[in-house]
Amino acid sequence: MSATAQPRAWWGPGGWVRRNALPQWAWIMLALVAGFLVLWPVLQLQVRAFVDEGSAFGRMMALPRIGTTMQTTLVLAVLSSALAVVLGTLLAWCASMLPAPVRRIGELAPLLPLVVPAVAAVTGWIFLLSPNVGYLNMVLRLLPGLEDMQEGPFNIYSVTWIIIITGMLLSSFVYVFVFTGLKNMGQELEAAAAACGASAAMRFFTITLPLLRPSIIFATGVVFLLGLGQFTAPLLLGRTAKIDVLTTEMFYLTERFPVDFGLGAALGFPILVLGLVVVLLQKFALGEQKRFVVVSARSRYNIRQTRWWAAVVIGLYLLVTTVLPLMALIYVSVSPFWSGTLVVPELTLRHWKSVLNNVALVNAVWTSVKVSVVGIAILIPFGFFMAYALLQSTRVFKPVRMAIDLFATLPIAVPASLMGFGLLFVYSQPPIQIYGTTAVLVVTYVTLMLGHSTRLQFTTLVATGQEFLEASKACGAGPLRSFFQVMLPMCRKGIAATAALTFVLLFHEFSASLMVRSARTQVIGSVMYDVWAGGIYSEVAVLALIMVVVTVLGVCIAAWMGGTDAAQQKG
Amino acid sequence: MQELKIEKLVKRYPGRDQVVAVNQVDIDVQAGEMLVLLGPSGCGKTTLLRCVAGLEDAQEGRIVLEGRAVFDSASGLNQPTHLRDIGMVFQNYSLWPHMTVQRNVEYPLRARSMGASDRLARAREVLEVVQCGHLAERYPAMLSGGQQQRIALARALAPRPKVMLLDEPLSNLDALLRVELRTHLRAIHRELGFTGIYVTHDQLEAFNLGTRVAVMNAGRIEQLDSARAVYERPATDYVARFLGIRNALELRRVDRGWSSDAGAVQGDLAAIERHADRMQLFLRPQALRLHSPTQALPQASHLSLSGGQVQEVLYSGGEVDTVLRFGDTTLYASSPAEGASFKPGDPVTVSFEASKALLYIDGKLT
C-alpha cells in the first residue's frame, strides 16, 4: 500500500469485509464445508486420545506386543513403499521404451492391477501361496529337490510376503505419477544429451532421472502414506501368524463393544503425526506449484530407442500382479472346494449361484455401486471447485486458498483406516448421528476421496494452461461462463479420468468401509471380509471377481463419458 | 481524449528477493493511438500489460479506462478482467481448441449478450477484416500459426473493445510471416483506428506499428516518444544500447580537447563542447566514414579518430560491415558496398559528422 493510503475500516462500505470477504463468500463456504468434513472426525477423535491426562496412551502401551506392532507398521511402510518406488519407476522407464506396435496397450498395462481390488488380489495370492494348499506352492513342490517338502517353499502368512504384496499393490500408483512425469517431460532434453554424445543409460541417469525427481518424490510420499495405513494385506495375511499393525489393532477395537475410541485415537496418533511429517517434507522438497508439473516441453523428437524386452518386463509384471491371482480366483470360484490338490476337479457354478441368490450379498454389491456413484457425483464438482480455487490465476482470497489446500492435503495424509475410525466416532453420536445409514458411507467416501479428487483435477487444470482461462476473461466472460464454456469442456477428459479412478478407489474401499459398516449398511468389501472370516473361500473368490467385473464396467463408462480429448479435436 | 491513463503503477512480486516488475509507471494513451511497449525480456512490459488487463494485481497506482477507473489502490478498487471491456491477443494465441473459429470469435460477443444474428454478422465482419472468412468452420488445431494469430486478433477485435492489448503477438511466427502480418496489422489499425497497447522486444516492429514507443528498463519507462524521436534521439544510454548503437566511447576532458580509449578526438571540438569532464559518445555504424591515413579528411563539422586498423570486413549484401580496432576499443562501421576498398590489416582513420554524435552525460542525452 502506498504511504498516502488511508487506514480503512474493517466493516461498512469500502471496509475490508465488504471488499475482500463478501465477494468470496462462495469460496469461504466451500472451505468451511471441506474443513468440517475433514477436520471434524480427525480432531474430535484425537481429542479423545488426550483427555483424562492421556490415559489412552497408557492403555495403548499396555497392549500386548505393542512394540512389535509399531515396528511392523514402520518396517512395512518403509520396505513396501521402497519396493513400489523401484518397481513403479522401472515400469515407467520400460513403458517409455516400448516398440510402436505394443506401445498403447503396454503403457496401460501397468495400470491394470488397479482394476483388481486389494482384497481380491490378496485373496488370489492366498490361493497361490498358502504354505500348505497354495497352488503355486504345490506346483513348486513338484520341482526336483523340493519334492520332500510338506509345505512351502513360500509362506504367504509372513511379514516378508505382506511387504512384497503391498509393494506390488502400490507400484501401480508410482507408475502413474512417474510415467506421467516422463511423458510430460518430452524427449527434447534427452535429445540434447544424445547430441552431446550421451548413451541411453547415461541419459537416463543424468537427465531423465534427475528431472523426474519431483514425480518420484511425490510418488514416494504417496505410497509411503498408503503403506503406513496399509490394512488389507496385514489383516488378511497377518491374523494367522499374529502379525499386527496399528490399523489392524484399531479395527479389532471396533469389533468389541463398547468401542474404546480413546485407545483407537492413541493408536492412530503416531500414524497421523508421521503422515503430516511426510506431507510437509513433500511440500518442502517440491515447492508449491512444482509438486505436480514437471518440465513440460512439447516434443517432436523420438530419441529413446525401443526395446522389445521392455514389453517383456511389463508383461511379466502384469502376469505376476494380475493374471496369476485372477486365474487363481477364477479357478477357486468354479471348483467345488479349495482342495489342495492339483487334480482338476469337475467345475461347478455352485458358488456363483449361491452368491447371486444371497440377498445380503447382492444388496451389498448394489450399495457399493450406489454409494460410489453418489460419492462421485458429489466429489467431482466438489473437487473441481477446490482445484479451481487453488489455481493462482483465480482471485481466491489467500487465506481461503491456503485453507482449501490444507483440506485437500489432509485426507491424503490420514490413512483411510484411521479416517474411518474417526468417522465412526463422530457420526455414531450426536449432533450428527448417521451411523447405521447409507449416508454415513457417502460421507465417509466423500471425506476420504476429497483430496484425490482435488489433486487430480488440479493437475488437469494446470496442464490445460491458464492462458485459456485468461483469454476467456479478456474476452469479457465472467467466472461462470469461463467455467462452463472454456474450462469444463477443456478438462472433460481429465475429469473423466478422475471419475474413473475415484470409482475404482471407492468401489474397492475396504479399510474405512469396514470401520463404519453396520449390520444394515454393508458394502462389497465388508461382506467379503465376513465371508472370508467365515472361511467360505470359494464365495470370496466369486465376490472378488464380481468386484473386478464391476470395476472394469465403471472405468469403461467413465472413459466413454470423457470422450475424445478436446485438445485433439479435429473437424 | 485520453483513452487509457496509467498513474504511478507499481507491481511487486513478493519473495525473498523482491522484484519490482513495474515501478512507478505513468502513461497516457490517446484515443486511436497504438502505444508500443518496447524492451528486452524481463523489463516489465508484459507485466504492465497484464496489469492493465487485470490478469495481474498491481499494488499501487491507478488505471483509468475511458475516464472510468478500473484499478485504484487508494480506494481498493480492482475491477476483474472480464468487466474491463478490453480485447487481448496472447503470445501463444490461446484459441480454445474445442470451439470452431466462428465460435471462438463469437465468444466475446456472447459474453456481452449480443443477439445471435448480430453476433454472426459481426464475427463474419471481423473474420473478413483479418482475411480469414473462409476458415470460420475450422477448429484451431487445423490452422497454421499465422492463421491462428489472425483469428486471435479477430476475436479480440470483435466486441470493439475500449482498448486492445497485444502481448508479443507476432513473436511465435517465422520472419517472413511476421513482416506480412505486421503490415496487415498496421493497415487494420489505420482502418479501424482502435486504441492499443502493443508489447514487443523487436524494435523494427515497434517503429513500424507504434504511434508512440515507450522503451522500458527494469520496470520503468526510459523514454516515451514518437518512433522517429526514439530512433534518432535515444534519451538515455540504455535506450541507445538497446537500439543497437554499437559504437560507444567514454570521453574524458584533456586540456582543451577530449580523449578516449580509442585515442584523441580531432577536429572542431567546439561542436561537442559540453559542461562536463566525462561523457559518453554513441555513434551508429552508418555514421562512420573510413579514410586511409594519407587521405584528406572532410572539413568543418567533421570529427575524426586516427591510428586505427581494419580487423575484419564483412559483406552483408548491399552493405559492408567493417570491424575496426583503435587500441583496445572495437568500432563498427557500415558503408555501401560500392567503393569499399579496405582490407583486414589496413591502417584507417574514421570521421563522423558532429551532428550524428549522440552525447550522454550521466546517462542522459545532451
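Brief remarks follow.
- Selected from B:Leu153, B:Leu324, B:Leu166 as most flexible by GNM, with chain B as the system and alpha-carbon contacts under 10 Å: B:Leu324
- Each DSSP beta bridge with both residues in region B:2-236 is either parallel or antiparallel, and the antiparallel ones are about 60%.
- Neighbour-count ranking [beta-carbon atoms within 10 angstrom, fewest first] of A:Ser172, B:Ser355, B:Ser304: B:Ser355, B:Ser304, A:Ser172
- Gyration tensor analysis over the Cα atoms of region A:70-334 returns equivalent ellipsoid semi-axes of 36, 27, 14 Å (largest first, whole Å).
- For B:Val348, the residues whose modelled amide H falls within less than 5 Å of its own, excluding neighbours fewer than 5 places apart on the same chain, are B:Gly307, B:Gly308, B:Gln309, B:Val310.
- Average partner coverage of A:461-474, which counts Cβ from other chains inside 10 Å: 6
- Reported to the nearest whole Å, the Cα centre-to-centre distance from region A:437-466 to region A:194-235 is 24.
- Taking amide H positions as modeled 1.01 Å from N, with prolines and chain starts lacking one, the residues under 5 Å from B:Val70 and 5 or more places away or on another chain are B:Ile63, B:Val64, B:Leu65.
- In sequence order, calculated HN-Hα J values of region A:160-166 (Karplus, 6.51, -1.76, 1.60; Hz; x Gly/Pro): 3, 6, 4, 5, 4, 5, 4
- Within the listed set B:Phe242, B:Phe342, B:Phe194, the Gaussian network model of chain B (springs between alpha-carbon atoms below 10 Å) gives the highest mean-square fluctuation for B:Phe342.
- Point-charge dipole on Cβ atoms (K/R +1, D/E -1) for chain A, about Cα centre, debye to 20: 1740
- Within chain B, the proportion of C-alpha pairs whose separation exceeds 39 Å stands at 32%.
- Restricting attention to chain B, lysine pairs at least eight places apart or on different chains and with alpha-carbon atoms under 29 angstrom apart total 13.
- Proxy reagent accessibility, fewest Cβ within 10 Å first, across A:Leu324, A:Leu246: A:Leu324, A:Leu246
- Net charge of neighbours whose Cβ lies under 10 Å from the Cβ of B:Met34, counting Lys and Arg as +1 and Asp and Glu as -1: +2
- On a per residue basis, the convex hull of the C-alpha atoms belonging to region A:20-128 measures out at 249 Å³.
- For B:Pro344, net neighbour charge (Lys/Arg +1, Asp/Glu -1) across residues whose Cβ lies under 11 Å away: 0
- Spatial separation of Cα centroids for region A:340-398 and region A:78-113, in angstrom: 25
- With Cα atoms as the point set, the radius of gyration and Dmax of chain A evaluate to 25.1, 92 Å.
- Neighbour-count ranking [beta-carbon atoms within 10 angstrom, fewest first] of B:Cys43, A:Cys475: B:Cys43, A:Cys475
- Computed from the Cβ-Cβ distance with R0 of 30 Å, the FRET efficiency linking A:Lys183 to A:Val78 stands at 0.55.
- Residue-averaged [θ]222 nm for the protein assembly as shown, counting only DSSP H segments that reach four residues, each worth -39500 (n - 2.57): -16000 deg cm²/dmol
- For region B:167-178, the Karplus equation 6.51 cos²θ - 1.76 cosθ + 1.60, evaluated at θ = phi - 60°, returns couplings of 9, 6, x, 9, 6, 8, 9, 7, 4, 5, 5, 4 Hz by residue, with Gly and Pro reported as x.
- Dipole magnitude of chain B about its Cα centre (Cβ charges: Lys, Arg +1; Asp, Glu -1), debye to nearest 20: 820
- Whole-Hz Karplus values for region B:180-187 come out as 4, 5, 4, 4, 4, 4, 4, 5 Hz, taken residue by residue from phi with 6.51 cos²θ - 1.76 cosθ + 1.60 and θ = phi - 60°; glycine and proline positions read x.
- Prolate/oblate/rounded label for region B:247-365 (Cα gyration tensor, a/c 1.5): prolate
Since every read-out is calculated from the coordinates, none of them should be taken as a lab result. Computed from a predicted structure; not experimentally measured. Glycine also receives a Cβ, built like all others from the backbone with ideal geometry; neighbour counts cover every protein chain displayed.
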